[in-house]
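All of the numbers you see were taken from the coordinates with simple rules; none came from a lab. Computed from a predicted structure; not experimentally measured. Because the Cβ atoms are built from the backbone with ideal geometry, glycine has one as well, and the counts that use them run over all protein chains shown.
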Amino acid sequence: MTTPLALLLALPAALAADVQLGFTQAPAPGENPALLVTPPRAVEILAVDCTAGGQSLSWEERGLPGGGTHRFEWIRDESVTHADCSVQVRYADGSAEGMDVPIDYSYGGGLAVDLSGASADLKANTLTVSINQPVQKAKITALGPLRAVLSQQEIAISGGPGPITVPWVGDASEVVLLEVELHNALAWAGFTFSPWFLEIPHDEVLFDTNDATIHDSEAPKLERTLRELEEVLVKYGDIVPVKLFIAGCTDTVGDAGANAGLSQRRARAIAGWLREHGYSHPIYYYGFGESYLAEQTGDEVDSQANRRAPYYVGATEPPPSTGVPQVSWIPL
């Protein structure tokens with residue numbers, strides 16, 4: 001039976017990554033613990049180093065296609081439940097990223113958390129995950145900017161196997177990272193999850209009609225946005241991987257399909273300008289056209305409020321509870 005994987009969402013932001021990481025949080029009988037690496041695109045070199053107990057191991061893979069999961073495992077020793085790994089990736093397109101990955105796992109009872117469908121409700125201050133056994137207790141630490149401890153609590157939970165809802169204390173706009181331990185009588189499993197999400201205030205870039213060119217006169221607006229983003233990185237960058245999402249939107253004047261294409265080109269232009277002027281962290285964009293309105297209007301209504309491009313930052317894409325439509329964001 002395949003062991004559920006826990007996604008590592010709490011990577012240092014200076015090492016923020018597009019690569020997906022997982023690990024065997026509760027190795028089955030006879031199974032070795034392992035780090036799993038899924039690069040999103042073609043790889044020239046993938047290098048992994050892990051230290052667990054007295055073992056120090058290194059791997060190097062070359063010429064890997066994107067999208068496949070690669071497993072790096074070490075010898076099972078039930079007295080060892082922690083490993084420190086590092087991952088370095090150089091992609092075929094010339095880009096590169098690297099990260100340190102601390103891993104905690106357990107053997108007792110095989111309790112495991114599956115975060116592949118995890119979701120946070122920022123209004124209710126709850127987190128939903130799936131587990132493979134019943135649990136009775138959760139220990140939760142809520143961390144804020146600069147890793148400040150906002151809250152520590154232990155709560156009774158009666159749920160599982162399957163989806164369970166874990167509450168936390170604190171303003172969702174201040175809680176950057178949740179450290180959670182789930183316990184039953186025989187075992188425990190820990191994981192981290194970031195519900196953090198912010199909208200960056202900014203002045204809207206003005207474009208000519210049916211055009212996505214950013215004129216020099218609009219540069220001061222984007223320079224202010226760059227300064228805002230640098231402040232975000234100072235406050236949150238040492239605790240979560242900061243990702244920027246740019247949502248292009250239009251009013252309802254004109255053809256809906258054309259509006260979607262125009263808004264995507266404009267969002268892409270803003271993303272490109274920020275990259276060219278020094279913003280090095282991951283950027284994603286999407287053109288919503290007239291499908292994501294700030295104010296609800298009928299068709300063919302000229303609305304300045306709807307001609308916009310919201311900027312969002314978070315460790316993951318905007319969650320459903322924010323009201324932002326769920327789409328396949330495009331990496332820059």
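Label residue 60 and residue 147 with points 7 Å out from Cα along Cα→Cβ: what is the distance between them in nm?
3.1 nm
Using just the alpha carbons, could you tell me how many Å³ per residue the convex hull of region 141-217 encloses?
Expressed per residue, the convex hull around the Cα atoms of region 141-217 is 171 Å³.
Using only the Cα atoms of region 198-331, what are the Rg and Dmax in Å?
14.5, 46
Grab the eigenvalues of the alpha-carbon gyration tensor for the chain, scale each by 5, take roots, and send me the semi-axes largest first in whole angstrom.
Value: 39, 24, 17 Å, ordered largest first.
For helix 256-276, what angle does its Cα long axis make with the longest principal axis of the chain, in degrees from 0 to 90 and rounded to 10?
The angle comes out at about 70 degrees.
Report the number of Lys pairs in the chain whose alpha-carbons are under 26 Å apart, with separation of 8 or more residues or on distinct chains.
8
Specify the angular offset, from 0 to 90 degrees and rounded to the nearest 10, of the alpha carbon long axis of helix 219-236 from the longest principal axis of the alpha carbons in the chain.
Relative to the chain, helix 219-236 is tipped by roughly 20 degrees.
Which cysteines does the chain leave without a neighbouring Cys Cβ under 4.7 Å?
249
Per the Kirkwood formula on distinct C-alpha pairs, the Rh of region 13-193 is how many angstrom?
About 17.7 Å for region 13-193.
With a cap of 10 neighbouring Cβ atoms within 10 Å, and only residues DSSP puts in a loop, list the GluC sites (Glu not before Pro) found in region 143-212.
Sites meeting the loop and neighbour criteria: none at all.
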